[in-house]
1. Taking the criterion of being more than 9 Å from the ligand (Cβ to nearest atom) and either of a type in the set (D, E, K, R) or within 20 Å of the chain's Cα centre (by Cα) (or both), would at least one residue in the range 36-47 satisfy it?
2. Does Thr91 meet the test of being over 21 Å from Thr191 (Cβ atoms), loosely packed, with under 14 Cβ neighbours inside 10 Å and either in contact with a strand residue (DSSP E or B) (Cβ under 7 Å, 6 or more places away or on another chain) or free of Cβ contacts under 8 Å to residues at least 60 places away in the same chain (or both)?
3. For a quick check of your reading of the model, give me the residue pairs whose first member lies in the range 33-48 and is part of a loop (DSSP other than H, G, I, E, B), whose second is within 6 Å of the ligand (Cβ to nearest atom), with beta-carbon atoms closer than 8 Å and at least 6 apart or on different chains.
4. Given the structure, is Ile60 surrounded by 15 or more Cβ atoms within 10 Å (Cβ to Cβ) and more than 16 Å from the ligand (Cβ to nearest atom)?
5. Which numbered condition in (1) outside any strand (DSSP E or B); (2) within 12 Å of the ligand (Cβ to nearest atom); (3) in contact (Cβ under 8 Å) with a residue 24 or more places away in the chain; (4) surrounded by fewer than 24 Cβ atoms within 10 Å (Cβ to Cβ) is the only one that Asp28 fails?
6. With respect to Arg74, is the statement that it is open to solvent by 60 Å² or more (accessible area, probe 1.4 Å), under 22 Å from Asp158 (Cβ atoms) and without any contact (Cβ under 8 Å) to a residue 40 or more places away in the chain true?
7. State all residues of the range 125-140 that are without any contact (Cβ under 8 Å) to a residue 40 or more places away in the chain and either open to solvent by 40 Å² or more (accessible area, probe 1.4 Å) or within 23 Å of Ile49 (Cα to Cα) (or both); if no residue qualifies, say none.
8. Please state which one of Gly58, Gly51, Gly78 is more than 21 Å from Thr150 (Cβ to Cβ) and small (Gly, Ala, Ser).
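The values are calculated or read from the model by the stated rules, or taken from the named source; none is laboratory data. The shown structure was predicted, so the numbers you read here are calculated from the model rather than taken from an experiment. Positions of Cβ are generated from backbone atoms using ideal geometry, with glycine treated the same way; all protein chains shown enter the neighbour counts. Heavy atoms of the whole protein, side chains included, go into the accessibility calculation; ligands, DNA and RNA do not. Shrake-Rupley method; radii C 1.70, N 1.55, O 1.52, S 1.80 Å.
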Amino acid sequence: MASISLAGLTKRFGDLTAVNALDLEIRDKEFVALLGPSGCGKTTTMNMIAGIETPSEGQILFDGRDMRQVPPNRRKVGFVFQNYAIFTHLTVRKNLAFGLQVRGLPREEVERRVAAMAALMRLEDRLDWPTAKLSVNELQKVAIGRSAITEPEIFLLDEPLSNLDAAFRAFMRTELKHLQHQFQQTMVYVTHDQIEAMSLADRIAVMDLGVLQQYGSPIEVYNEPRNVFVANFMGSPSMNLVPCTLAGGDGRYALDFGEGGTAAVEDGELKRRCGAARDAALIFGARPEDLDIEPPGHTGPGIEATVTFVEPIGPRTIVHLSAGERRMKIAKGKHYGIALGAPVKAVLPPGKCHLFDAETGVALGLA
Ligand code: ATP
């Protein structure tokens, strides 16, 4: 058992609050990603969980036990950094064996576990190589294997894949998930890569400026962003966020997109949310894959726009649109073709629209 509970966790460096009153519950055997841009406090949070950094305020509990007085080496956590901290003068075998030997495990047990980890990490033919001869990809496999082999109840990984090339990163994502299934560990994984977080994590904690923005399953965070920051951070291309104002009354509402025209709000849920914010400045949000492209004047609710750029990216074609100052991207199929400069209507998808308060950035209905 190894659940982690962070309560009011705060870290200040002088005047800077790196982590601000963070509350987070991580279940036993859960894979949680701390996701956010550089400087948002991910590593500081990890370091506090590991015991490398002392919190300014707040609590860290492992299975309900306060970790304040427990030094890093007694917390039973494994830690892998971006810069593989491995012994470069030792072979792969000795690196893998190290953590088990210092724990005094019998030689046969060490050999068995080293062989199993080497097989899992596909390093069998490298076991007797000096690590100095390994590629960057292999070095990081050794670093992960060296920490995982001790089977810590809590495994902390800080951007472990960010130095690796793209193809190998994709491969390692799958391997890490296997590793977690095999060892049944609680994993906390720091990344600024939303694809990595989405593909690996059971839940994602999105952070910005030291503050937790949203905590939920990848699908929740993607489909129901709580604010503009999360909406914009998740997804590639990111969500279209288009300023608008709410026009209308007497139960009839329309989003006014300026040069993009006005769109009647047909969607029941949207109508309910709009009711709370009549005449307000809003930000309309829709995922690129959720908007449709129709001819101008189409009767559906939408935004009149012009095609400014067509970007084929393999599996999809990204169509860029402008409506005056407002910009949008719509994802279509891989063979989609449309002329530059063509007038179109970006039609709003019923049930898939988001509305945010333009001032606070918070999703309507959630404030
Ligand atoms: P990155 O992905 O770039 O590592 P991060 O989200 O992990 O970013 P942190 O490394 O936790 O962010 O840093 C959060 C903030 O705290 C940053 O502004 C950073 O400059 C600052 N910071 C981190 N460690 C220290 C320190 N030891 N002394 C002073 N400021 C620090």
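1. no
2. no
3. Listed by first residue and then by second, the contacts come to Gly36/Lys42; Gly36/His192; Pro37/His192; Ser38/His192; Gly41/Ala18.
4. no
5. (2)
6. Against the criterion (open to solvent by 60 Å² or more (accessible area, probe 1.4 Å), under 22 Å from Asp158 (Cβ atoms) and without any contact (Cβ under 8 Å) to a residue 40 or more places away in the chain), Arg74 qualifies.
7. Answer for the range 125-140, where residues must be without any contact (Cβ under 8 Å) to a residue 40 or more places away in the chain and either open to solvent by 40 Å² or more (accessible area, probe 1.4 Å) or within 23 Å of Ile49 (Cα to Cα) (or both): Asp125, Arg126, Asp128, Trp129, Lys133, Ser135, Val136.
8. On inspection, the qualifying residue turns out to be Gly58.
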